[in-house]
Each structure stands twice: as structure tokens, then as C-alpha cells.
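Visitor: Take a look at this one; I'll ask things after.
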Amino acid sequence: MQIKFHEESRLFQLDSKNSTYAFQINEGGYLVHLYYGKKLSSLQGLEKNAFRGVYDSLSPQNPYVDDPYFSLDIAPLEFPCNGAGDFRISALSVRGEKGDTVTDMHYVSHRILSGKPGLSGLPAAFGEEGKAQTLEIELTDKVTGVRAFLLYTVFADFDVITRSARLENGGQSPVDLERAYSACLELPGMGFDCIHLHGRWAKENTAVRHPLQHGLQGIQSKRGMTGPNHNPFMALAAQGAGEESGEVYGLNLIYSGNFAIDMEVDDRGVTRVLAGINPADFRWRLEPGEVFTTPEVVLAYSNEGLGGMSRTFHKFYIEHLMRSAWAKKKRPLLINSWEAAFFDFDDEKLVEFAKAAKDLGIEMLVMDDGWFGDRHDDFRALGDWQVNEEKLKGGLQSLIKRVNDLGVSFGIWYEPEMINPDSDLYRAHPDWAVCAPGREKSLSRHQCVLDMTRKDVRDNIFQQMYDVISQNNIEYIKWDCNRHISEAASLSLPPERQGEFFHRYVLGVYDLMDRITTAFPHILLENCSSGGGRFDPGMLYYSPQIWASDNTDAIERLSIQFGASLCYPASSMGAHVSANTRTDISTRAAVAMWGTFGYELDPRLLTEEEKEAVRAQVADYHKYYDLTHYGDLYRLNTPTENPHFCDWMFVSPDKSEALYTRVIMRRPGKVYQVQRLQGLDPDRLYKDEETGEVYAGGVLMQAGLDLSARQWADLGDGTCVVKHFTAQP
Ligand code: GLA
């Protein structure tokens, strides 16, 4: 059993493979956090951890606990509430009918469920009986009558705990939720570094690491979408923890809207971490009997450094988050028309692309932006999802048939959440574009956001998409989202509910995505938001791959993919070989191989030499598919830390083969370079498939691979070394 309740001490023990999480109901009915870390064989003495730090006379004494030294202000708490004596950041704040925000939750009951329940309207990890166990704890606030149900799921094969909260108004009057985080993590001190992913358009997911400091710190989005600026991910690494050693706690929020991961280090040097919906611009009215569900947080524990944490996230997401049948099914090798043609294409050009692509071994053609309405540029037509038959003469059916007849499957681009003022949809429904009453609309990429909080809007877009998809042999959709939300308000919500807009928008997007993927389960969905602007676990639930960046320069891609790999598997990172010629085509392929792999160029323009190179890459794609999609990733040299090299490797789960890649960003001169490999079996022999040389796994990992050897000494900037090692019988 993974979840135990020790009756006598009223202590919950949640054990994963290598970790223990423990907390206790104290005499006041508060849930006091005791421990999260390496698995414990006995909890004897753990209760002494219920006090963190020294009681201060300025901290309020608690009326429910008969101990003058107990104060909510210093207690480590599972779900800290606002206003009853805890002055730190709180997970929950409810404004009741009397107007105050004092919130004080006490234990009522708990139950342990086998498997994991879904979350209403929200993407969430899943796990059936035998693979997951869930603890549900009911708390209540006696004044407002609000009940909180805290959910903790432990997974049998992963060092992962997921958490969320369901809030129910059990009182007689309406209340407003003003803060409703998903989970709180109390760390025993401040000796941790935060590692998170910041970025911008074309430079997403850049990893940074810095120590915790006293006071408030954190990351957030207020953009309506997650955005490229901060990923909803945070790792807290014990100081000194590195890639493959030390303790790391990873947090990733399964949410695609305004999020916050807040941290507060208090005066005693104790750290509280909260993750959930950003309370900025949030207020949710709960009428009696109504329920609000917070998004889910994934907590991953590793005592094998950041690498261990990443490998846990990767496998967990493939096994327990990506619900698409494509999560574990071989994906088609595709070519996308965007960088090859932008808006300038017709049926003839696309058929020529397909012909040239087929000749190279490519399996699918994706027709990007520009196929619908009056769309000749990005000024118009978003919202008019009817085929432009001037461009695609004979219609979509005829085009897809011609492409299919060549033995190439077909995919299509959509941007369902958006509308251009110059569109038939806007002319018919100007009120469907998001705008606060009396305000001018700020355009972004000449477009507005559709009010996805409204069912009539979603129904219209669903029907338009359904009509096209159901009548055509479409096997892939790229779902784009190219602006963020300003002047946020919905004309369909009363003033007291406008604080619900942002979350309702996200729920609306999830609803539409759910309807499309349910109606067309065979379709491979790839998300995109001006590149990797909505690269989050919420999207992974619906789409097993996400376009990682509009930046397809192989060198620039290194830091983007390195950062994303902290929590997202290679199989989820949309990565293509483009016509960007700053690096050799082999380097572009080596970098794209650390992702879904595909092409984003005009295949007709390739030289014979390049065509040969592409055919070899296509063969490698098939050869290494399992390794890169299901293998264990080891990051060896990080592009944000090492100015010269970026090195990584994939090792098959049984350690029988490995694919090592080095990209030389800037050659360091003829110095001695040896690179220690990771993840191999030290006791097995591995053959370098290119040279036939055989090495002991231990030699490659401890003594390392000599990369200053003659054949590599002259490799210039932007080149790469790729090595395939196979274990010898
Ligand atoms: C976004 C995407 C691109 C492409 C264009 C089309 O920028 O990130 O890949 O689809 O939109 O307009």
C-alpha cells in the first residue's frame, strides 16, 4: 500500500518508489506537514518536525491548540489559509458574506481510493487501480461553510505525487474565492536553488538557476495563456545538487492559463512554495452548493539530481498524462509548409511538395496557415474556417486525394481561439471578440481573442472545424494560438463574475480541445503558440507533441530544447530541420532528432547532396525512434553553462544501446577534451557502430570518450558528433 494512515498518531504516510511524504492532523484539526524526501523505512520521531523554527511572541497563539507555542504563523502546513494567524502567503482565501477574508480550515474526514479520479473540466494525470492510490481529505471552515477536499495521488512506479483541491460552498450564502492554489510545499529551510524556465518569442524555455532569498519570489503569467515568458515549472534543488546527484523537488502545473508559482522564505529561513492559479485578476463566486476545482500540480522527487527528476517527468507524462493514442504510437515523419511557403501556396505547389517529400521518405504533409477564408496574409480571415478554393482549386478533398495517392498523409493548421476584425465571423458577431465594456481593443498580430468562456462561440468554432475535418481525410492538426489576452472581460458574465474570466477562458479551450479530440480520436494533435508559448502539461494532456519554437536555428534551439527537457519528454518537443543554413544540415538533423523530428523547408530546392543527406536522416529517424522517444535522457553539457559544447545522450531502458550527440557551438581550440558519458552499464562492453571500437561502459563513464582525437580535432563551429553505441553480447 502506498498510502497509510497511522490512527494513533493521526499521521498520513505517502510512499512512492523512493520517496516518503508525511503529514499529521494535529489537535486543532490542522494538517501539519512533516516530511518530503528520500524514502523512510520508519517514521519514529518524525512528529518532532511539526514545529519549524522558534515561536515568536508576535505570532498569534492558536485558539484550537492547547500549546502556547503553537502558531499557524510558524507551522508547516499542507493547505495554509488566509487571515487566522498565518502571515505568510496562503493557498486559500475566501471572502464570506460578512465581507472579511478570514479562512480557517479544519479536518473533518478522509478516505483512501484506489486509482485516481479525474478532475472535472480540467486535464489531469490518470492512473488506474494498482498503478495509483488517492488520498482525499475533507476540511471545513465553520463560518463560511466552505469545504475543501484535498487530493493526493501516489503512483506505484514513479516518484510522483499529484495534488489538487476541490472547493465546495457548503454554506447558505455566496462566497468569493480570492486565492485558490492547488498545493503548498513546505521546505525545511532555504538552502535550495530555484531552477526555472524563462523566455520570450523564439527564445523559449531558457533555464536559469539561482539561490532562494529571504522574502517573496516566484514566477507567473497574467497573459491568459501560459506564455513563453515563464513555464509553469519550478525545480528546487538542494544547494550542491547537480545533473546527476543531489536532492531535487520538481513542480509542474497542469494548467494553460494564468498561473503562479510563489515562494516565500520567512524570517526564520523556512520556505513555503505555492503553485496554482494566479490570484492576480482572479475572483470566483461560489453560490451555495457550487464547486470549484483547482488545476493539478505534479510533484516529482529525485535524489539523482536534475537528470533523475527529468527522467521521472518524461516517463510519467508518457504513461500518465498524454491521453492521446499517439503518446505511444509511432508518429508520422512530417514536412510542414510554413517556412517553405508562408502564405504563398496553392494546390499545385502543395502536391509538388508532397511529391518531393515522398521521394525523400517523408510520410506526411502539413498545410500550415493560409488555406481558409480570404487568408493571404496575417491581417485577415481568422474565424472563417472554410477552404479557400481560389488557392486550393477543386477543394480540399481533391488536394488530399492527390497527396494521399502519392502515399503521403495530410495534416492541417488551425488557430481556433482567434478572430481577425477583417473576417466574416467578426462582421457577424463583433461581440465575440474579447473586450471590456467601453474599451478599445488592442490588436496583436492584427487579431483579437474569441470569447472562449461562451458556449455559443465554442459551438460555432467546433461546428466549423467539424465540417472540414469530418469531410476530409485529415490525420493531423496543428492548433496554434498567436496572441495573449488584453482588455479581458466577457459580455456574458455579470460584473461580480468578471474575475472568473481568465479561468473560464482556459476551461473553454480545454472543452473545445476535448470535443475535437473526442470526435476525431485518430488525429495527431500538435499544439503551438507562436512556437513554444503554451508548452505546458495541460496541453500535453490533449496533444502529445507541441511545436517547441519558431526559432529553427539549430544552435539557438539547443538552449530551448535543453530547457524544455527539464520536464518535457523529447517525444513532445516539435523539432524540424529547416532551411536555416547557419549550420550544416547534419547538425540541424542531430538537433531535431532530440524532438519529434520533421522538416520545415521547400523539398524541391534541396541539392542532390542534401537529398542524400535527408534520406540518410530519415533512415536514422526510424533507426533511433525508440531510443529518442522512450530512452532515458542524460544532459552532459548545458548550452547555457558551457560556451563551447552542448552534449546529450539517450540510453535505452535496458542499457543495450545509446545515442550520444555533441554540437560544437564554438570550438575551443586544440585542447584536450574528454567527455564522460552517463547511464550506461559499467560492466558491459559497448561498440561504437561507426568505428567498430569497443569500450567498457565503465571506461566511457569514468575515463570518458576522448574527443580531442585526430578525426575530431578540426571540427568547426556548428558541426556535430553523433555516436551510436551498442552493447556487445
Ligand atoms: C505561428 C506558428 C508558426 C506558423 C505561423 C502561421 O507563428 O508558431 O509555426 O504556424 O503561426 O501563421
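Visitor: Taking the Cβ of Asp266 as the center, what net charge do the other residues with Cβ under 14 Å away carry, scoring Lys and Arg +1 and Asp and Glu -1?
Guide: Summing Lys and Arg as +1 and Asp and Glu as -1 gives -3.
Visitor: To continue, here is another question. I want to check the label-to-label distance for Asp714 and Glu440. Put each point 7 Å from Cα in the C-beta direction and report it in nm to one decimal.
Guide: The two pseudo-label positions are separated by 6.2 nm.
Visitor: Under the classification rounded if a/c is under 1.5, otherwise prolate if a/b is larger than b/c and oblate if not, where does the chain fall, given a ≥ b ≥ c as square roots of the Cα gyration tensor eigenvalues?
Guide: Oblate is the answer for the chain, as a/c is 1.5 or above yet b/c matches or exceeds a/b.
Visitor: Restricting to DSSP loop positions (anything but H, G, I, E, B) with no more than 14 other Cβ atoms inside 10 Å of their own Cβ, which chymotrypsin sites (Phe, Trp or Tyr not before Pro) remain in region 639-726?
Guide: Passing both the DSSP loop test and the Cβ count: Tyr672.
Visitor: Fully extended, how many nm does the chain gain between Gln386 and Asp688 (0.36 nm per residue separation, minus their Cα-Cα distance)?
Guide: 103.4 nm
Visitor: What list of ³J(HN,Hα) values in whole Hz, one per residue of region 156-172 in order, does the Karplus curve 6.51 cos²θ - 1.76 cosθ + 1.60 (θ = phi - 60°) give from phi, with Gly and Pro shown as x?
Guide: Computed from phi, the couplings for region 156-172 are 5, 9, 9, 7, 9, 10, 9, 9, 7, 9, 10, 10, 10, 7, x, x, 9 Hz.
Visitor: Among the aspartates and glutamates, select those whose C-alpha is under 16 Å from the C-alpha of Lys401, and discard any that sit fewer than 8 residues away in the same chain.
Guide: In chain and number order, the partners are Asp346, Asp347, Glu348, Glu352, Glu363, Glu389, Glu475.
Visitor: Ok, one more. Would you tell me the accessible area of Val699, worked out with a 1.4 angstrom probe on the heavy atoms of the protein chains, in Å² to the nearest 10?
Guide: 70
Visitor: Accessible area of the chain with a 1.4 Å probe: how many percent of it is carbon plus sulfur?
Guide: That fraction is 49 percent.
Visitor: Give the residue list of trypsin sites (Lys or Arg not before Pro) in region 47-103 that are DSSP loop and have at most 16 other beta-carbon atoms within 10 angstrom.
Guide: For trypsin sites (Lys or Arg not before Pro) across region 47-103 that sit outside H, G, I, E and B with at most 16 neighbouring Cβ atoms in 10 Å, the list reads Lys98.
Visitor: Continuing with this model, one more query. Grab the Cα-Cα distance for Glu287 and Ser173, subtract it from 0.36 nm times how many residues apart they are, and report the gain in nm with one decimal.
Guide: 40.4 nm
Visitor: Sorted by accessible area with a 1.4 angstrom probe, largest first, how do Leu493, Leu406, Leu139, Leu605 fall?
Guide: On the way: Leu493 30, Leu406 50, Leu139 5, Leu605 130 Å².
Correct descending sequence by accessible area is Leu605, Leu406, Leu493, Leu139.
Visitor: Using the Cα gyration tensor of region 3-320, with a ≥ b ≥ c the square roots of its eigenvalues, what is the shape: rounded (a/c below 1.5), prolate (a/b larger than b/c) or oblate (neither)?
Guide: Rounded is the answer for region 3-320, as its axis ratio a/c remains below 1.5.
Visitor: How big is the gap, in Å, between the Cα center of region 227-260 and the Cα center of region 166-219?
Guide: When both Cα centres are located, 10 Å separates them.
Visitor: With every protein chain present, what is the per residue accessible area of the chain (1.4 Å probe, Å²)?
Guide: I get 36 Å² per residue for this part.
Visitor: I need the GluC sites (Glu not before Pro) found in region 643-723, filtered to DSSP loop residues with at most 15 other beta carbons within 10 Å of theirs.
Guide: Details: sites: Glu657, Glu689, Glu690, Glu693; in loops: Glu689, Glu690, Glu693.
Those satisfying the criteria are Glu689, Glu690, Glu693.
Visitor: Tell me, what ³J(HN,Hα) does each residue in region 441-454 have, in order and in whole Hz, if you take phi through Karplus 6.51 cos²θ - 1.76 cosθ + 1.60 with θ = phi - 60° and put x for Gly and Pro?
Guide: Each residue's phi maps through the Karplus curve to give 7, 7, 7, 9, 6, 6, 10, 10, 9, 6, 6, 6, 6, 9 Hz.
Visitor: List, in order, the whole-Hz ³J(HN,Hα) value for each residue of region 543-555 obtained from phi through the Karplus relation with A = 6.51, B = -1.76, C = 1.60 and θ = phi - 60°; use x for Gly and Pro.
Guide: 3J(HN,Hα) across region 543-555, in whole Hz: 10, x, 9, 9, 4, 6, 5, 6, 7, 10, 5, 4, 6.
The values are calculated or read from the model by the stated rules, or taken from the named source; none is laboratory data. Since the model is a prediction, treat every value here as computed from it, not as a measurement. In this analysis, Cβ positions are derived from the backbone assuming ideal geometry, glycine residues included, and neighbour counts consider all displayed protein chains. Quick note on the areas: whole protein, heavy atoms, side chains included, nothing else; ligands and nucleic acids left out. Shrake-Rupley method; radii C 1.70, N 1.55, O 1.52, S 1.80 Å.
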